[in-house]
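The block underneath contains the structure these notes are about, expressed in structure tokens.
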Amino acid sequence: MPAKLLIAAIALFATAVQAEPPGAHTIVIAGATVVHPERTGADVLEPDTTIIIQGNRIQAVMQHTAIELTQGATVIDGRGKWVIPGLVDGHVHFFQSGNIYTRPDAADFNAVVPYAQEVARNKARLDATFKVWLASGVTGVVDIGGPFWNFEARDRAAVTAAAPRMAVAGPLISMIEDPPLDLGDPPIIRIDSIEAGLALVARELERNPDYIKVWFIYQAGDDLAKNEAIVKAVGDAAHAAAKKLAVHATELIVAKAALRAGADYLVHSVFDEPVDDEFIALARHNKVLYCPTLFVEQSYELALSNQWRATPEEARRADPQILAAMDDLNEIPADKRPKGVARLMQAAKPSVPPAIGMQNLRKLLDAGITVVMGTDAGNIGVVHGPSILREMRLMQESGLTPLDVLRSATTNGAMALGKDDDLGVIAAGRLADLVILDADPLADSGNLGRIYRVIKDGVVYDPQALMDSIQ
Ligand SMILES: [Zn+2]
């Protein structure tokens, strides 16, 4: 290291120590390989680098360092380790747990576990769910729709240290009713006119949502133009209040309608047909974020045919209560299984990944569309936290490089979180949300499961200690 740089580093660090506000703490990660997922050239990896964190922000990122200056600081030996920005899951739902009781509209197990009990459990279990996210290296999540108490979940995360940062949408503005999910504060509300849509948006805006979310369901015989007009009115109202419009639209014609209506965030893949030039042009025009959610296309069938098995990461880092419930089908008597589930269990054919969705993902990435990693966690078979590794594996199998995958889960995830000024890259001045890995995330996305430490808001967590603290 040239002498001049060393002096600069010392001066910077001395200033940092002097300026330390009461209670703020200094953390030094020394000699690690820093990964810059926002870059595309050879400088993505910055070896032998030291990161200095002061309070909840990154103070400096510098090549080599003067370790002798770090008295009083927490020093983490970064040699042989990789540091990435904290991961973001751009699509989760806290009102759902991932177990088989969590979507009675898909599989009605009320006779075994009443749905009200399941949702009450999920609400009471938020602190544990927050911890499994952190233990999986996820320092930010977007809850893209649920009951009005989603806003309280965001408030709780904001005052809980061991919790990811959270952006939320309120109840989904939907084309159809979903009565089995209505416990008095429904996550999905049917809207059949522009007036009703605007009234619901107004109610949600009172709670300062990060997104207005539309569940743009399309069934044969639906008046697509009428529904597009509702989505547009709702989107215009969101935009007028400086809120973003997120849309569930899984068919090509519906996704195009959503984009014409102003969607900023498509929260699923187009699964039914290959995307075309018109779709790409609309997506570019909106600068849309595109969240593929590949694994959730398989997860219901896997879980409800009793073929779901925990991955090694899930065995270590999923909520143990949920893991224990994943085998419940073995215990549930045949007469208490929903008919569809009984059929799935009998057929028990291996489920296959969504081929068209995977092809579309690659095509859209090549077209320069911003891809955001998201799991749809909480849905049946998609457990909170470690299911990110299932999703990222499928993204890699779609033809994305490990760097593409990492970027989608960090730099682009920060955009979905609405915090790309503060998160998603490792640089001086940014919030200190980082993950320290024992293996190279650019060799394989699976290495994102090899977590040594997680840092959120300047606080260091051992993932195992987080899991041990969950009852
Ligand atoms: Zn979802």
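Based on Cα atoms of region 278-321, Rg over Rh with Rh as the Kirkwood radius reads 1.25.
Placing 452, 211 in order of accessible area, with the largest value first and a 1.4 Å probe, yields 452, 211. Derived value for region 247-355: Kirkwood hydrodynamic radius 16.4 Å. Basis is the mean of 1/r over every pair of different alpha-carbon atoms.
Heavy-atom accessible surface of residue 322, to the nearest 10 Å², is about 10 Å², with a 1.4 Å probe and all protein chains retained. Would you kindly calculate the translational diffusion coefficient of the chain, applying Stokes-Einstein with the Kirkwood radius from alpha carbon pairs, for 20 °C and a viscosity of 1.002 mPa s, and quote it in µm² s⁻¹ without decimals? Using the Kirkwood radius from Cα pairs, D works out to 94 µm²/s. Calculated accessible area for region 190-261 comes out at 42 Å² per residue, all protein chains present (probe 1.4 Å; ligands, DNA, RNA ignored). According to the Kirkwood relation over distinct C-alpha pairs, the hydrodynamic radius of region 83-165 is 13.5 Å. The listed residues 408, 193 rank as 193, 408 when sorted by accessible area, largest first, using a 1.4 Å probe. Spread over its residues, the convex hull of the C-alpha atoms of region 152-270 is 118 Å³ per residue. A helix-only calculation puts the chain at -10500 deg cm²/dmol for mean residue ellipticity at 222 nm, using -39500 (n - 2.57) for each DSSP H run of at least four residues, averaged over all residues. When the solvent-accessible area of region 332-371 is split by element, carbon and sulfur atoms take up 57 percent of it, the probe being 1.4 Å.
Distance distribution note for region 32-136: the fraction of Cα pairs above 15 angstrom is 74%. For region 395-471, the alpha-carbon radius of gyration amounts to 1.19 times the rule-of-thumb value 2.2 N^0.38 Å expected for a compact globular protein. Treating r as the C-beta distance of residue 285 and residue 367 and R0 as 22 Å, the FRET efficiency rounds to 0.95.
Per-atom-type breakdown for region 88-216 gives carbon and sulfur 51% of the accessible area (1.4 Å probe, protein chains only). Mean sequence separation of contacting Cα pairs (under 8 Å, at least six apart), scaled by the length of the chain, corresponds to a relative contact order of 21 percent. Of all DSSP-defined beta bridges confined to the chain, some 40% are antiparallel rather than parallel. Sorted largest first by accessible area at a 1.4 angstrom probe radius, with every protein chain in place, the residues 213, 287, 244, 226 fall in the order 287, 226, 244, 213.
Think of a 1.4 Å ball rolled over the protein heavy atoms: region 333-453 then has 36 Å² of accessible area per residue.
When only alpha carbons of region 313-462 are considered, Rg and Dmax amount to 18.4, 60 Å.
The values are calculated or read from the model by the stated rules, or taken from the named source; none is laboratory data. All values reported here derive from a predicted model rather than from experimental measurement. Here the Cβ is made from the backbone with ideal geometry for all residues, glycine too, and neighbour counts use every protein chain on show. Please note that ligands, DNA and RNA were not included when accessible areas were found on the heavy atoms of the full protein model with its side chains. Shrake-Rupley method; radii C 1.70, N 1.55, O 1.52, S 1.80 Å.
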